[in-house]
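Comments concern the structure below.
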Amino acid sequence: MNFFAENLKNLRKEAGLLQRELAEKLNLTKNAVSGWEVGRNQPDFDTLLRICDIFDVTADEILRTKL
């Protein structure tokens, strides 16, 4: 199971953000966020840390547990 994809989607929705809005915060494209949420790919390490900061979670939480 890809916890990251599921957790990212849930965190984004709980925060009331559209994929486009999260992408803008990360200076990336909506397609990048969409790809992560369907498990097609994952962000690089620096981007992962920025995502964790945005949602106030640890990398361990977002990658390894169901939030």
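The values are calculated or read from the model by the stated rules, or taken from the named source; none is laboratory data. Computed from a predicted structure; not experimentally measured. Glycine gets a Cβ as well: all are built from the backbone with ideal geometry, and neighbour counts include every protein chain shown.
Is there any pair with a first residue in region 11-29 that is of a type in the set (Ser, Thr, Tyr) and a second that is modelled with pLDDT of 95 or more whose Cβ atoms are under 6 Å apart and which are 6 or more apart or on different chains, and what are they?
That search, which allows pairs on different chains as well, returns Thr29/Ala23.
Does any residue of region 39-52 turn out to be in contact with a helix residue (DSSP H, G or I) (Cβ under 6 Å, 6 or more places away or on another chain) and of a type in the set (Ser, Thr, Tyr)?
Looking for residues that are in contact with a helix residue (DSSP H, G or I) (Cβ under 6 Å, 6 or more places away or on another chain) and of a type in the set (Ser, Thr, Tyr), one finds none in region 39-52, hence no.
Spot the failing condition for Ile62; the list is (1) out of contact with any Cys (no Cβ under 9 Å at 6 or more places or on another chain); (2) hydrophobic (A, V, I, L, M, F, W, C); (3) not in a loop (DSSP other than H, G, I, E, B), and only one is missed.
Looking at each condition in turn, Ile62 falls short on (1).
Could you grab the pairs with beta carbons closer than 9 Å, sequence gap of 6+ or different chains, first residue in region 31-46 and free of Cβ contacts under 8 Å to residues at least 40 places away in the same chain and assigned to a loop (DSSP other than H, G, I, E, B), second one among the hydroxyl-bearing types (Ser, Thr, Tyr) and surrounded by 11 or more Cβ atoms within 10 Å (Cβ to Cβ)?
Partner pairs satisfying both residue conditions: Arg40/Ser34.
Please work out if Arg20 is surrounded by fewer than 14 Cβ atoms within 10 Å (Cβ to Cβ), in contact with a helix residue (DSSP H, G or I) (Cβ under 6 Å, 6 or more places away or on another chain) and not in a loop (DSSP other than H, G, I, E, B).
Yes, satisfied.
Just to verify a result, which residue in region 36-67, among those that are basic (Lys, Arg) and loosely packed, with under 13 Cβ neighbours inside 10 Å, is modelled with the highest pLDDT?
So the residue we want is Arg40.
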